[in-house]
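Below is one structure, written out as structure tokens; comments come after it.
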């Protein structure tokens, strides 16, 4: 996304522009509330959208204080992970939600989410080989929400995230809610346990960057 948007900016501005984005996303992850900043005057959103591919749109482009940085100035970011809880896949949820066939104990999901607010060590929820040096993150809120009869979503807001953290949280909670893992160990995982003790990383296509708060 970043490179595509930088290319579009170069087409509508007289010089190349380097973007700073608020949240990095893996391939396949959706971004509904991404924020980006760059030096110089803002380009017209309409002009940018005229050059962008159909799966990327600029909702607004406006002037901000000179020192504004979309990444460093962010106070929190909110992600949503969508899960289709159904034996049969839904055509219109393809690549938009994780298809989960193994049953869900909703009480377990809610109990796990209730443990997340606060400051924890998320070593268990990021790859072992990592560039991260600090593994503590502060979660401001987390919950599972019903979207439709068979789609549920995990919402989480935190000060920052580690690589694949939300997807691994979702995969671990789902495994516990399906009886594949001991749900009583979730709290222990938030104390810096090894990555091998957590569950699988859920697919990228269920994850959405929803908003960035400043």
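Each value in this text was obtained by applying a stated rule to the coordinates, not by laboratory testing. For clarity, every value in this text was computed on a predicted model and none was experimentally measured. Virtual Cβ from ideal backbone geometry, glycine too; neighbours counted across all protein chains shown.
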Query raised in the report: Taking the Cβ-Cβ separation of residue 90 and residue 213 as r and a Förster radius of 41 Å, what is the calculated FRET efficiency to the nearest 0.05?
Result: 0.85
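Taking only C-alpha pairs under 8 Å that are 6+ residues apart, what is the relative contact order of the chain in percent? Mind dumping the intermediate values first?
Values: 403 pairs, mean separation 58.7, N = 214.
In percent, rounded to a whole number, it is 27.
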Query raised in the report: Is it possible to state the helix-based mean residue ellipticity at 222 nm for the chain, with each DSSP H run of 4+ residues giving -39500 (n - 2.57), the sum divided by total residues, to the nearest 500 deg cm²/dmol? What is it?
Result: -5500 deg cm²/dmol
Query raised in the report: In what sequence, highest mean first, do 166-177, 184-195, 119-130 appear when ranked by Cβ atoms within 10 angstrom?
Result: 166-177, 119-130, 184-195
Query raised in the report: Taking the alpha-carbon centroid of each part, what is the distance from segment 160-176 to segment 121-140 in angstrom?
Result: 11 Å
Report task. Mind sorting 79, 131, 102 by how few other Cβ atoms lie within 10 Å of their own Cβ, fewest first? Result -> 131, 102, 79
